[in-house]
Amino acid sequence: MTDSDRHIAARAADAYLQLHELGKRYGEVPAVDAVSLDIRRGEIFCLLGASGSGKTTLLRLLAGFETPDTGRVLLDDEDITAVPPYRRPLNMMFQSYALFPHLSVERNVAFGLEQEQLTRGEIMRRVGEILEVVRMGALARRKPHQLSGGQRQRVALARALVKRPKLLLLDEPLAALDRKLREHTQFELLNIQQELGVTFVVVTHDQEEAMTLATRIGVMDHGRIVQVGTPREIYQQPLTRFVAGFIGSVNLLEGRVLERQADRAQLHCDELPVPLLVPWPAGAGAPGATGAAAAGVSAAGVGAALWVALRPEQLRLSRARPEQPYNWAQGVIREVAYRGDLSVYLVRLPGGRELRATLANSGAGSAAVELTRDVPVYLCWEADSAVVGSD
Amino acid sequence: MNARRALLLPSALALGYAFLYLPIVSLIVFSFNASRLVTVWDAAHSPTLRWYVELLHNDQILSAARLSLGIATLNATAAVILGTAAGFALARFGRFRGRGLLSALTTAPLVMPEIITGLSLLLLFISMQQLLGWPARRGAATITLAHISFSVSYVAIVVQARLAGFDHSLEEAALDLGARPAQVFRRITLPLIAPALLSGWLLSFTLSWDDVVISQFVAGPGSSTLPMVIFSKVRLGVSPDVNALATLLITLVAAGVVGSTLWLQRREQRRGSEMRQAVTEE
């Protein structure tokens with residue numbers, strides 16, 4: 001047993017799909033760079049990243065369309081690294097759906113079953129069943145070009161699910177649908193996943209999609225997984241500046257450590273008239289400390305440069321000067337965007353930096369009346385709402 | 001200005017059509033001419049089907065037509081098989097060593113003067129005969145080989161173009177669904193590139209069917225193809241039964257072209273309306 005085998009065995013307890021140090025280069029550029037990841041049975045795992053982050057290459061490595069340069073893939077404790085795509089017990093739903101244009105809906109769905117040793121009757125029964133699940137039974141005899149985008153998506157899903165795969169890979173499953181249909185399909189996808197209990201690995205560049213679908217998200221950047229966590233963890237506790245900026249909108253400030261307290265620290269920021277008060281992780285192992293970034297922060301001494309992320313919905317706007325001696329800024333409203341349920345305010349600080357704040361539009365909106373363009377305002381926030389990092 | 005333009009455009013169109021089709025129309029008309037002299041219209045006994053009847057009894061022309069048909073069919077089939085393989089290599093194998101050379105050598109026969117192709121093939125067949133003893137004599141076999149050698153290029157280019165626009169994820173989806181590579185080719189790739197194979201086949205067939213120059217070089221005694229027979233008859237003086245033969249060929253070709261155009265048009269229309277219907281249904 002080598003070291004790496006022991007490592008895999010140690011993690012096997014709750015991992016269903018394991019990637020171990022998986023790497024793939026195109027020329028000099030690593031598309032996927034030593035990715036290790038455990039995915040649990042029955043979960044919906046979203047690989048989230050911008051285009052070129054390597055998420056699609058990673059998915060293609062899982063499907064077997066690409067061969068990794070390094071590393072191994074284990075599915076249900078079985079090494080499938082060298083197994084060709086047509087023998088892998090997993091299926092993929094393609095971004096373009098890749099429906100066979102010369103075959104009817106029924107024949108498209110039956111294609112996968114025809115590769116197994118099944119009777120005609122058994123194939124037709126299972127095709128009929130899965131088409132009912134995706135509510136496409138009535139259109140079974142149509143050709144793909146006779147279907148709308150949403151219908152094609154459901155056929156593609158049925159075709160991938162009919163073989164009862166252990167694992168379903170979905171490449172941007174909703175990208176080709178228009179906005180209204182997308183939301184509806186999202187929930188439908190969740191229902192089907194729960195009904196059939198299949199493990200999903202979803203690739204998407206759409207953070208909203210990842211937030212709604214995923215039980216866990218892996219954020220990818222430059223071929224590496226930079227953070228893995230539940231949607232809530234990723235949003236509230238981003239480990240790196242990149243993750244903080246990539247998920248949702250965020251105000252990023254830079255500051256230097258002035259003074260450390262037990263679970264707080266004061267930072268100096270050039271753009272603010274008062275010090276920044278931020279939560280301070282108490283060191284590895286302590287409650288509240290999360291992962292590498294937190295460890296990096298707790299090791300930072302006085303004078304160290306840190307970034308501070310503030311979500312727009314955590315900022316409060318007021319005409320009166322806040323009473324607290326920290327965590328506020330002064331500026332002028334540059335832009336107000338009314339979004340129905342909320343309004344977005346862009347506030348320019350004296351240094352030229354713009355901060356974004358969102359306010360819920362509840363009831364008569366007394367505040368909204370006086371908060372218009374060119375009005376001078378104060379922004380303030382609680383110490384606990386800030387996230388710090390050192391990268 | 002407008003009035004002049006209204007006159008100019010239709011006359012330009014008429015002139016253009018006349019330039020292209022008057023020779024063909026006159027050929028068709030003279031095929032019904034009773035006179036043996038092609039340039040004299042025998043008003044008293046025309047129109048007549050005399051030359052068509054004579055054509056049916058002309059063994060030389062009929063056997064030449066049969067030979068041409070056989071050569072063209074064999075050529076088209078072989079060219080599609082070889083050309084598809086070449087097209088796949090060019091479109092799919094990435095940047096392998098010698099790809100540039102293969103690409104250049106595949107397209108070269110398209111621009112090579114026929115005289116050169118014919119001459120070089122003749123020299124090849126003669127030296128092969130001396131060195132290997134095969135082909136013992138030139139005839140249908142050598143003509144077919146010669147035709148295949150240039151038809152392959154056309155098929156390779158048609159297939160390569162079709163594969164360039166081919167959605168590779170269709171084949172990946174089939175692999176993912178458990179089909180082995182050979183199955184994927186038979187059940188997905190082949191049906192989808194079938195239109196390209198068909199047009200490659202028809203193109204090769206036509207190229208072979210009306211080739212004179214190259215056939216002339218590599219044919220032997222007793223293996224004259226239809227165009228070679230027509231050509232030699234014309235050299236002896238145009239006989240009216242050639243007009244009749246040409247008319248028959250033109251009718252066949254025209255029927256084929258018009259038929260396939262209408263079929264494609266109707267199919268496209270139906271597809272379009274089905275797609276619109278699918279979108280409005282949702």
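The values are calculated or read from the model by the stated rules, or taken from the named source; none is laboratory data. Not measured: the values here are computed from a predicted model. In this analysis, Cβ positions are derived from the backbone assuming ideal geometry, glycine residues included, and neighbour counts consider all displayed protein chains. Calculation scope for accessible area: heavy atoms of the full protein, side chains included, ligands and nucleic acids excluded. Shrake-Rupley method; radii C 1.70, N 1.55, O 1.52, S 1.80 Å.
If you go through the stretch A:221-278, how many residues are over 20 Å from A:CYS380 (Cα atoms), open to solvent by 50 Å² or more (accessible area, probe 1.4 Å) and in a helix (DSSP H, G or I)? Residues flagged as over 20 Å from A:CYS380 (Cα atoms), open to solvent by 50 Å² or more (accessible area, probe 1.4 Å) and in a helix (DSSP H, G or I) within the stretch A:221-278 amount to 5. Considering the conditions (1) closer than 30 Å to B:GLY139 by Cα; (2) of a type in the set (A, V, I, L, M); (3) within 14 Å of another protein chain (Cβ to nearest Cβ), B:MET275 is excluded by exactly one of them, (1). Candidates B:VAL218, B:VAL212, B:VAL234: the one that is at pLDDT 90 or above, surrounded by fewer than 19 Cβ atoms within 10 Å (Cβ to Cβ) and more than 14 Å from chain A (Cβ to nearest Cβ) is B:VAL212.
The numbered conditions (1) within 14 Å of chain A (Cβ to nearest Cβ); (2) outside any helix (DSSP H, G or I) are all true for B:GLN183 except (2). Taking the conditions (1) among the charged types (D, E, K, R); (2) in contact (Cβ under 8 Å) with a residue 40 or more places away in the chain; (3) assigned by TED's automatic domain parsing to the domain that holds B:ARG162 in turn, B:ARG36 satisfies each one other than (3).
Within the stretch A:125-163, the set of residues being more than 13 Å from chain B (Cβ to nearest Cβ), more than 26 Å from the chain's Cα centre (by Cα) and not in a helix (DSSP H, G or I) comprises just one member, A:ALA140. Residues considered: B:GLY16, B:GLY98. Of these, the only one that is in the same structural domain as B:ALA140 (by TED's automatic domain parsing) and open to solvent by less than 50 Å² (accessible area, probe 1.4 Å) is B:GLY98. Residues that are of a type in the set (S, T, N, Q) and away from every other protein chain (no Cβ under 11 Å) within the stretch A:78-116 comprise A:THR81, A:SER104, listed in sequence order. You will find that of A:LEU371, A:LEU379, A:LEU346, A:LEU355, the residue that is more than 25 Å from A:HIS268 (Cα to Cα), touching a strand residue (DSSP E or B) at 6+ places or on another chain (Cβ under 9 Å), in the same structural domain as A:PRO281 (by TED's automatic domain parsing) and of a type outside the set (Asp, Glu) is A:LEU371 and no other. Return yes when B:SER103 is surrounded by 14 or more Cβ atoms within 10 Å (Cβ to Cβ), in a helix (DSSP H, G or I), within 14 Å of another protein chain (Cβ to nearest Cβ) and among the hydroxyl-bearing types (Ser, Thr, Tyr) and no when it is not. In short, no.
Of B:ALA141, B:ALA164, B:ALA136, all but one fail to be touching a residue at least 12 places away in the same chain (Cβ under 8 Å) and more than 14 Å from chain A (Cβ to nearest Cβ); the exception is B:ALA164. Counting the residues of the stretch B:141-169 that are buried (at least 17 other Cβ atoms within 10 Å of the Cβ) and either touching a helix residue (DSSP H, G or I) at 6+ places or on another chain (Cβ under 6 Å) or charged (D, E, K, R) (or both) gives 18.
Taking the conditions exactly as written (open to solvent by less than 30 Å² (accessible area, probe 1.4 Å), hydrophobic (A, V, I, L, M, F, W, C) and more than 14 Å from every other protein chain (Cβ to nearest Cβ)), does A:LEU196 satisfy them or not? In short, no. Scanning the stretch A:17-69 for residues that are within 14 Å of another protein chain (Cβ to nearest Cβ), among the hydrophobic types (A, V, I, L, M, F, W, C) and open to solvent by 20 Å² or more (accessible area, probe 1.4 Å) yields a count of 1.
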